[in-house]
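Q: Here it is, the structure, as structure tokens.
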Amino acid sequence: MVHRCYSFPQAVAMNYTDNPPIVEAYVENNINDIIINSNINEIAIKEFLSSKRWPIGLIETCISNLSTVPMRFFLCDDSGSMIANDGHRLVQDNHGKLKSISCSRWAELSESLIFHANLSLIANVHSEFIFLNNQSVVIDGSQNSSNLSVLTAILEGSPSGGTPLCKHIRDIVIKIKAQEANLRRNRQLAGIIIATDGESSDGDIVAAMKPLETLPVWVVVKLCTDDERIVDFWNNIDSQLELNIDVLDDLKGEAIEVTSKNPWLTYAEPIHRLREFGIPVKAFDLLDEGSLSYDQIVILCSSILGGAPKSYPQPEVNFNDFASHVNELLLHTSLVWCPIKQTMRPWINTSKISHRNDCSKCYIM
């Protein structure tokens, strides 16, 4: 959604209707090495995310949690309905101003996937991008950017076909089961990011996802539509499974939901991208569920602005000291684009923390 400055080799989009190949085939030994070693390139990550104007705390949060999820499966909906034009993305004009413009669902998803593919390559983490009606592409730090150009070619094509989510979820379950012992031994998770605008066209999605309940996984559902029926459908799926599922609306929709409960926070694209990438930070997962407690607010501020939570004055002891500390950190943190107000804002508004509603509904982590 924010403007991108990528330079990719030109390639021609490919369509495979029968037995789509996997670029850089899934090799169990390679995955074992990734799970065990997790050689994350911290310097490259900092440079990349800093160039996207991520605050230092969010960069550190990303890096510190990457090894928890050493392998990711992005299940990408490339069905025909993705051409609908109810998507949004951020562009920068000649004066450096950011603006949200309308686009197709496919264009919005493509921008997100390019970001995550670049992060996977730079960070040296294993990500498999699985398209429902096209080939799959594996990206990690063991290769050059050739697979990135293949992914780009797919995204430059037009989406078409149905939504066979169940088949692909079953395939992912098989791959995770093959690595279950290694993941549990290292106290790690496999990330599954389902990006879709609809329901499965090939069966019962709850039944397909049921085996995930017993596996070490973190599941994110990225909704590529504003259709309330689809939003309700996936929220209902979440309620039927004993599974860690983070259901995400689009950026503006999620921002509206989050700020209705936590108005002190500017919910911006960097947090959304972090959650899309399957970074399992419970405090972010709770943002759209209720008003955070003071302890959770301290953790959120630390995760965005940097510094250990213990370095923050406790707001319940002396709120003014806490607010002063946060405001001092904000002086050294760039403003961020607010998808609701459509303007640049500070990440935190401490005056709205002190005037929160009844905290009896706060969520405890």
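Q: Identify which of the listed values of Rg and Dmax of the Cα atoms in Å was calculated from the structure shown: [x] 44.3, 167; [y] 20.1, 64; [z] 25.0, 83.
A: [y]
Q: Continuing with this model, one more query. Under 17 Å from a label point 7 Å along Cα→Cβ of ALA207: give me every residue in the stretch 227-241 with its amide N that close.
A: Under cut-off, by backbone N: 237, 240-241.
Q: Further question on the same structure: At 1.4 Å probe size, with no ligands or nucleic acids counted, give the accessible surface of ILE353 in Å², nearest ten.
A: For ILE353, solvent-accessible area is about 0 Å².
Q: For ASP202, list long-range residues whose amide hydrogen, built 1.01 Å from N in the peptide plane, is under 5 Å from its own amide hydrogen.
A: LEU165, CYS166
Q: Rounded to the nearest 20 debye, what is the charge dipole size of the chain about its Cα centre when +1 sits on each Lys and Arg Cβ and -1 on each Asp and Glu Cβ? Write down the numbers at each step before the final one.
A: Details: 30 positive and 44 negative charges, 181 e Å.
I would put it at about 860 debye.
Q: Have a look at LEU75, LEU98, ILE230 and report the one farthest towards the positive end of the charge dipole of the chain, computed about the Cα centre with Cβ charges (Lys/Arg +1, Asp/Glu -1).
A: LEU98
Q: Cα-Cα over 22 Å: which of LYS97/LYS261; LYS222/LYS252; LYS97/LYS252?
A: Numbers: LYS97/LYS261 29 Å; LYS222/LYS252 13 Å; LYS97/LYS252 18 Å.
Going by Cα-Cα distance, LYS97/LYS261 fall outside the 22 Å limit.
Q: I'd like to verify something in the chain: which complete DSSP H helices, judged by Cα projection on the helix axis, reach 30 Å or more and average at least 0.0 on the Kyte-Doolittle scale? List each step's numbers first, then the result.
A: Working: long enough: none.
Within the chain not a single helix satisfies the rule.
Q: Relative contact order for the chain: what percent, with Cα pairs under 8 Å and sequence separation of 6 or more?
A: Details: 632 pairs, mean separation 66.4, N = 365.
Reported relative contact order: 18 percent.
Q: Ignoring ligands, DNA and RNA, how do SER260, SER351 rank by accessible area with a 1.4 Å probe, largest first?
A: Details: SER260 85, SER351 60 Å².
Descending order: SER260, SER351.
Q: Excluding residues on the same chain fewer than 8 positions from LYS310, give the lysines whose Cα lies under 21 Å from its Cα.
A: Hits, sequence-local ones excluded: LYS282.
Q: Right, next: How many angstrom separate the Cα center of the stretch 275-332 from the Cα center of the stretch 132-168?
A: Measuring centre to centre over Cα atoms gives 36 Å.
Q: Tell me the accessible surface of ASP86 in square angstrom (1.4 angstrom probe, heavy atoms of protein chains only), to the nearest ten.
A: 50 Å²
Q: Which of these, ALA84, ALA207, ALA117, has the largest mean-square fluctuation under a Gaussian network model of the chain (Cα springs below 10 Å)?
A: Of the options given, ALA207 has the highest mean-square fluctuation.
Q: Sort 323-333, 288-298 by the packing proxy (mean of other Cβ within 10 Å over each peptide's residues), most packed first. Don't skip to the answer; put the middle values down first.
A: Values: 323-333: 16.0, 288-298: 19.5.
Sorting 323-333, 288-298 by mean packing, highest first, produces 288-298, 323-333.
Q: Around VAL138, which amide H atoms from residues at least 5 apart in sequence, or from another chain, sit under 5 Å from its own amide H, with H modelled in the peptide plane?
A: VAL23, PHE129
The values are calculated or read from the model by the stated rules, or taken from the named source; none is laboratory data. Bear in mind that the values here come from a model prediction, so they are computed numbers and not experimental data. Heads up, the Cβs are rebuilt from the backbone with ideal geometry, glycines too, and the neighbour counts pull from every protein chain shown. With ligands, DNA and RNA removed, areas are computed over all heavy atoms of the protein, side chains included. Shrake-Rupley method; radii C 1.70, N 1.55, O 1.52, S 1.80 Å.
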